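A short reminder: the numbers here are calculations on the coordinates, not readings from a lab. It should be emphasised that the depicted structure is a prediction, and the values quoted were computed from it without experimental measurement. Positions of Cβ are backbone-derived with ideal geometry, glycine not excepted, and every protein chain shown enters the neighbour counts.
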Amino acid sequence: MKSVAVQYLEAVRRLKNKRIRLKRTVHLSFVPDEEVGGAKGMAEFVKTDHYKNLRVGFALDEGIACANEEYQVFNGERTIWHLNVVCPGKSGHGSLLLPDTCGEKVAKDNDRDDVMFYTEILVSETNDINPKIATNSRALKMIDQVTKLWTNFAKYGNPTPDESLGVIWKPYTLEGQDFLEIGENLVAGTRPDKDELEFWERIYMKYCPKYAP
């Protein structure tokens, strides 16, 4: 998302060049992000009188370009539903070699041996990489469960409005730290990535105590 900063700067430059006067003042701030010590960035800046004197009405952390006059607002890192997916099985999504691609079509009109050879390999491997999913397989069970979770969320605003899936997925809070492990079975738990977090906390305490949580 670092490219977003460049987009913001370019947008402001174009607005200034067109002498467009906005109803609100736009402030662009550049501070350390979470990868390089974000706690000493915006979190400290908002405590200063300089920030308070800006009289900021609202802030945008990251954004994407919009093709129309609407501005889309998303919440990602602050979502209240935390999950851990454990679904070993057949290849899916980006691991698939989908049929009828542009490469196959080009190869049909190309007499270069290397292009034909490469395409023939892709076609020959497709059946192995894109295996069929049996109707009674573990993979299909996991697919059905995930589909049910997402459709419940779309319909009710809650992935588990009842116990029909055998589990209640509680929203994440700092106190409870609830999450759902999604695999062949749905398992509710607390403190996701507990072991990994405790490992890094020990590292911070030992080598960087002033940054330790």
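Numbers below:
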| read-out | value |
| --- | --- |
| Region 155-167 - phi-based ³J(HN,Hα) in whole Hz, Karplus 6.51/-1.76/1.60, Gly and Pro as x | 7, 10, x, 8, x, 10, x, 8, 9, 5, 9, x, 7 |
| Virtual spin-label span in nm between ILE203 and LYS16, 7 Å along Cα→Cβ | 4.1 nm |
| Förster radius 35 Å - calculated FRET efficiency between ASN84 and LYS40 (Cβ-Cβ, nearest 0.05) | 0.70 |
| Highest average packing first - 144-156, 14-26, 44-56, Cβ atoms within 10 Å | 144-156, 44-56, 14-26 |
| Linear extension gain, SER29 paired with THR135, 0.36 nm per residue minus alpha-carbon span | 32.8 nm |
| Nitroxide proxy distance, nm - points 7 Å out along Cα→Cβ at ARG55 and GLN7 | 3.0 nm |
| Computed label-point distance, nm, for sites THR48 and GLU181 using a 7 Å Cα→Cβ extension | 4.6 nm |
